[in-house]
Amino acid sequence: MRYVIVGCGNVGMELARQWSLAGHHVVGTTTSPGRVDEVGAVCAEVAVLRGSDAERLGEAVRGADAVVLTVSPRVARSFDAQARVAEYADTLTTTAVTAAGLHSRVVFTSSVSVYGRGSGVVDESSPLTDDADASPRNFIAGERAVLAADRGAVVRIPDVYGHPRDIDYPSRVKLAHELLGGSVPFDGDALLYRIDYRDAAAALDFVVTHGLTGVWNAVPDAVVPRTNREVFADICAAEGWPELTYRSEIATPVVPVSSSKIREAGFRFAA
């Protein structure tokens, strides 16, 4: 199979590694010329492009069996509400619209932020948030563009962790104090669901290789996690730091999230 992965961050690189080991021809994209060698270590071909570049993306996806979007907004532009507007629109919505216009089999990596705070038990049939923040708005817009394609699919995931290059939570809290004055855009009452980057890649592989379409939650749901406030308060107490302030600009579920649909289809979380 010939697969194209648009956005080779931690999840995209892991997916490329898994597919290359399985004998597939993988084309990986990056926006940075400086990462060509790194991406090329796990991909047969590397294209330097932005997802909004229809001409170059069209060349990359020609002849592909599937196109997977694992694009992520730059973290440095995610903490401020105004900065998120252009960053999320370009990275998420424009990339999804462009890809869906070029290929019928597109799988979009989305976020549980599309549910907002949620109610009851959140599953794929739960209503989407009407929050005006750029994060859920653009994930939702990206989803709609992809689902309008003949064989579009969406995989909704929570916070990704586990990669050696990831910043651990104590370091994140320290940076929040040093760079943001201890004020973060998240909801303190949200449940801190997380997915290992290898499970995120495996879920995308499962959806692609099983020919699944529509919406799929890939949220490890064996245990209901603690809230952001509880987890980060413990870190602050252990380090002697003040507690964080939560601006609640980006809402994620405060109630349990179910991934029973993908588990019933045969997927299993490893972590």
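The values are calculated or read from the model by the stated rules, or taken from the named source; none is laboratory data. Here the structure is a predicted model, which means the values were calculated and not measured. Glycine also receives a Cβ, built like all others from the backbone with ideal geometry; neighbour counts cover every protein chain displayed. These accessible areas exclude ligands, DNA and RNA; they are computed on the full protein's heavy atoms, side chains included. Shrake-Rupley method; radii C 1.70, N 1.55, O 1.52, S 1.80 Å.
Mean residue ellipticity at 222 nm from the helices of the chain, using -39,500 (n - 2.57) per DSSP H segment of n ≥ 4 over the full residue count, to the nearest 500 deg cm²/dmol? Before the final figure, lay out the partial values.
Values: 10 runs with 97 residues, N = 271.
Computed mean residue ellipticity for the chain: -10500 deg cm²/dmol.
How do 45-51, 187-193, 111-117 rank on mean C-beta neighbours within 10 Å, highest first?
Details: 45-51: 18.6, 187-193: 20.7, 111-117: 23.0.
Highest-to-lowest ranking by the protection proxy: 111-117, 187-193, 45-51.
If one computes the Cα centroid of segment 190-244 and of segment 118-175, what distance in Å separates the two points?
Here the answer is 10 Å between Cα centres.
Fully extended, how many nm does the chain gain between His163 and Arg17 (0.36 nm per residue separation, minus their Cα-Cα distance)? Write down the numbers at each step before the final one.
Values: separation 146, 0.36 × 146 = 52.56 nm, distance 1.37 nm.
Gain on extension, His163 to Arg17, equals 51.2 nm.
Residue by residue through segment 207-223, which ³J(HN,Hα) values in whole Hz follow from phi under the Karplus form 6.51 cos²θ - 1.76 cosθ + 1.60 (θ = phi - 60°), with glycine and proline marked x?
5, 5, 6, 8, x, 7, 10, x, 9, 9, 7, 10, 10, x, 10, 5, 10
Could you grab the Rg to Rh ratio for segment 6-70? Cα atoms only, Kirkwood for Rh.
Numbers: Rg = 10.7 Å, Rh = 11.6 Å.
That ratio is 0.92, to two decimals.
Hey, can you grab everything whose amide H is under 5 Å from the amide H of Ile195? Only 5+ residues off in sequence or another chain; H modelled, so Pro and N-termini drop out.
Excluding prolines and chain starts, which carry no amide H, the hits are Asp159, Val160, Tyr161.
Evaluate the chain: find the radius of gyration of its Cα atoms, find its Kirkwood radius, and give the ratio Rg to Rh.
Numbers: Rg = 18.0 Å, Rh = 18.9 Å.
Ratio value, two decimals: 0.95.
Once phi is turned into θ = phi - 60°, what whole-Hz ³J(HN,Hα) does the Karplus curve with 6.51, -1.76 and 1.60 give for every residue of segment 187-197, x standing for Gly and Pro?
Karplus-based 3J(HN,Hα) across segment 187-197 equals 9, x, 8, 5, 6, 7, 6, 9, 9, 5, 4 Hz.
For the chain, find the longest principal axis of its Cα atoms and tell me its angle to the long axis of helix 10-21, 0 to 90°, nearest 10.
Approximately 40 degrees, to the nearest 10.
Give me the dipole magnitude in Debye, nearest 20, for the chain about the Cα centre, with unit charges on the beta carbon: positive for Lys and Arg, negative for Asp and Glu.
Magnitude of the dipole: close to 440 debye.
Just to be sure I follow: if Rg is taken over the C-alpha atoms of segment 88-151 and Rh is the Kirkwood radius over the same atoms, what is Rg/Rh?
On the way: Rg = 12.1 Å, Rh = 12.1 Å.
Looking at segment 88-151, the ratio lands at 0.99.
Just for segment 116-240, what percent of DSSP beta bridges are antiparallel, to the closest 5?
Working: 1 of 8 bridges.
In segment 116-240, approximately 10 percent of DSSP beta bridges are antiparallel ones.
How big is segment 139-271 by the Kirkwood estimate over distinct Cα pairs, in Å?
Working: mean 1/r = 0.0610 Å⁻¹.
Mean inverse Cα-Cα distance, inverted, gives 16.4 Å.
Using the Kirkwood radius over Cα pairs, work out the Stokes-Einstein diffusion coefficient for segment 34-150 at 10 °C and 1.306 mPa s, in µm²/s as a whole number. Write down the numbers at each step before the final one.
Values: Rh = 15.4 Å.
In µm²/s, the coefficient rounds to 103.
Out of residues 5 or more away from Arg247 or on other chains, whose amide H comes under 5 Å of its own, with H placed 1.01 Å from N in the peptide plane?
Under 5 Å from the amide H of Arg247: Val184, Phe186.
Which cross-chain or sequence-distant (5 or more) residues have an amide H under 5 Å from the amide H of Thr227, H modelled 1.01 Å from N in plane?
Leu192
Put +1 on the Cβ of each Lys and Arg and -1 on the Cβ of each Asp and Glu in the chain; which of Thr129, Ser248, Gly101 then has its Cα farthest toward the positive end of the dipole?
The Cα lying farthest towards the positive end belongs to Gly101.
Helix 134-147: angle to the longest alpha-carbon principal axis of the chain, degrees 0 to 90, nearest 10?
That works out to roughly 30 degrees.
Counting only protein heavy atoms and a 1.4 Å probe, tell me what percentage of segment 1-128's accessible area is made up of carbon and sulfur.
Values: 2850 of 5390 Å².
Carbon-and-sulfur percentage of accessible area, whole number: 53.
Largest first, how would Arg151, Arg268, Arg137 line up by accessible area (1.4 Å probe)? Can you show the working numbers first?
Working: Arg151 105, Arg268 160, Arg137 75 Å².
Solvent-accessible surface, decreasing: Arg268, Arg151, Arg137.
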